[in-house]
1. So, in Å, what gap is there between the alpha-carbon centers of region 192-230 and region 1-76?
2. Using helices alone, what [θ] at 222 nm do you get for the chain, with -39,500 (n - 2.57) per DSSP H run of 4 or more residues, divided over all residues and rounded to the nearest 500?
3. Determine one quarter of the surface area of the Cα convex hull of region 245-302, which equals its mean projected area, and express it in nm² to one decimal.
4. Less than 25 Å apart at the alpha-carbon level, and either on another chain or at least 8 residues along: which lysines does that give for Lys286?
5. Would you mind ranking Cys219, Cys104 so that the residue whose beta carbon has the fewest other beta carbons within 10 Å leads the list?
6. Of Ser25, Ser150, how do they rank once you tally other Cβ atoms within 10 Å and put the fewest first?
7. Over region 99-310, what is the percentage of antiparallel beta bridges among all DSSP beta bridges, to the nearest 5?
8. Sorting Tyr250, Tyr137 on the 10 Å Cβ count, fewest up front, what's the list?
Amino acid sequence: MDNAREELAKKRILSILRKHGIATSRTLEQKISDAGPLNQRINPHVLTPVRNQLIKAGVVIRIDDQTPWYHLKDTPEDIVEKRLAEQLPIHQQYGKIGSRVGQCLEIAIYRALLEQDNLDHFGSFKNLDEHDDDQLYKKEDPPQSLSGRSLDGDERLDFLVRHQEAGWAGIEAKNVREWLYPARREIADLLYKAVTLDIVPVLVGRRIPFVTFKVLSPCGVLFHQTYTQLLPEADRELAELARDKNLLGYHDIRIGNQPDNRLLKFIGTNLPKILPEARDKFDDYKDLLGDFGSGDMPYDEFAARARRRSEGKDEDSDWDIPDDIDYRDF
């Protein structure tokens, strides 16, 4: 790991906790990974181990109250208690919104699908005009089976779309605060469902780090970053509190379930253009994607094999033995 980035991560963690009193990992990520000058942003895969090192060294204290909270060892106890009391009720209420948060992004994608002419789709919401978003809307899920291929149990994708040239693709919406790293279970599940149905996987999420693009894009997996988390209109007051820089600091929250211009462009323009090439790549890598998605292949092996295949190397190893060397001499 880059020592300079580690030192910057340490500096920013200490600075944020000194100013904020006490914070969750999501608040630290928001203030350090998502905000600040671009050259000072530290992605979570660097931030987390540095934070853990500070805990091990006794510089940062971890408090477990359902969700872990972090504060500096030298922060006075009365300040820790005061700041926790200010933030904890908002954090707890935020966690109770539940499935309505997920539906916000699904509905935004559905509205975007309705506005384009290049893709047929399965998956819809039938009663968006019948009540406010303080309760779940009725979702008509896409089918579990395509051309004799079926998903297990109650598994479904959020949407199925059909491109005239590339065939079918499956869209999953993840309206979560966590960055979607390639080894996460949500991504493996998407890949497993896509390979089972033999369709191109498409992931729409708030933050998707470069490594996820780097590992999975060559395999035909498509991504769209929203850079925002949608919350229901009914929770506007809570959203304003969660956005407050002195509380949870989730400055990227957007209210409602309407698609923004970026999502409209992705669904209506970009996705139809890139699906044919993605289909070709998916066909070349779906054996690896299926093994990783099903759990039969660990992530590290999958990522290494996918990289070697993309580079035209032997998938079993990176060993490059010159022609004039007899391996039996070793």
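Values quoted throughout were computed directly from the atomic coordinates according to the rules given, and no laboratory measurement underlies them. Please read all numbers here as calculations on a predicted model, not as lab measurements. FYI the Cβ positions are ideal-geometry reconstructions off the backbone, even for glycines, and counts take in every protein chain you see.
1. Going from one Cα centre to the other spans 27 Å.
2. -13500 deg cm²/dmol
3. Hull-based average projected area comes out at 7.5 nm².
4. Output for Lys286: Lys174, Lys193, Lys214, Lys273, Lys313.
5. Ranking Cys219, Cys104 by Cβ neighbours within 10 Å, fewest first, gives Cys219, Cys104.
6. On the way: Ser25 18, Ser150 12.
By the 10 Å Cβ count, ascending: Ser150, Ser25.
7. Details: 12 of 25 bridges.
Counting DSSP beta bridges with both partners in region 99-310, the antiparallel share is about 50 percent.
8. Final ranking by Cβ density, sparse to dense: Tyr137, Tyr250.
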